[in-house]
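What follows is a single structure, written as structure tokens, with notes after it.
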Amino acid sequence: MKKPISTNKAPAAIGPYSQAIQWGDVVFISGQVAFIPSTGELNNNTFESEVNQVIDNLDAICKEAGGSLDNILKLSIFLTDLSNFDAVNDLMKQRFSEPFPARSTIEVSRLPKDVNIEMDAILSIEV
């Protein structure tokens, strides 16, 4: 049975979807952008601050589900400019541990609220 995961330490959904859904020991996290949960404002002064906020939001949902970034099996990254690929890799090395999650990085023409990056994830946790 699917179970919604929700925390006020990550931004509320901006549409008709859940922050995350758990099915057994698998958690599907919806796309996260750089909203600051406490204010609802975008943390996009620099690309690096935007990426770190997105990862902070993913981390908060992972923790609410009983896991951490280390439990992420698959990460999808959507960029509006693929020239930021190396910057994302550098920040991932700082924020994630080996073995790194499987990953897709896709350039898109536009993202919600005109952000530069969005990430979604699939993680596995102990039930």
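Quick note: the coordinates plus some simple rules give every number you see, no bench work behind them. Computed from a predicted structure; not experimentally measured. For neighbour counting, all protein chains shown are included, and Cβ atoms are generated from backbone atoms with ideal geometry for every residue, glycine included.
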In degrees, nearest ten, helix 47-64 long axis to first principal axis of the chain (Cα): 0 degrees
Cα lying deepest toward the dipole's positive end in the chain, options VAL54, ALA102, SER124, charges on Cβ: SER124
Given charges at beta-carbon only (K, R positive; D, E negative), |dipole| of segment 2-124 in Debye: 460 debye
Candidate lysines - alpha carbon under 25 Å from LYS93, same-chain residues fewer than 8 apart omitted: LYS9, LYS63, LYS74
C-alpha long axis of helix 85-95 to longest principal axis of the chain, angle in °: 40 degrees
Cα pair distances of the chain binned at 5 Å [whole percent]: 2, 11, 23, 26, 21, 13, 4, 1, 0
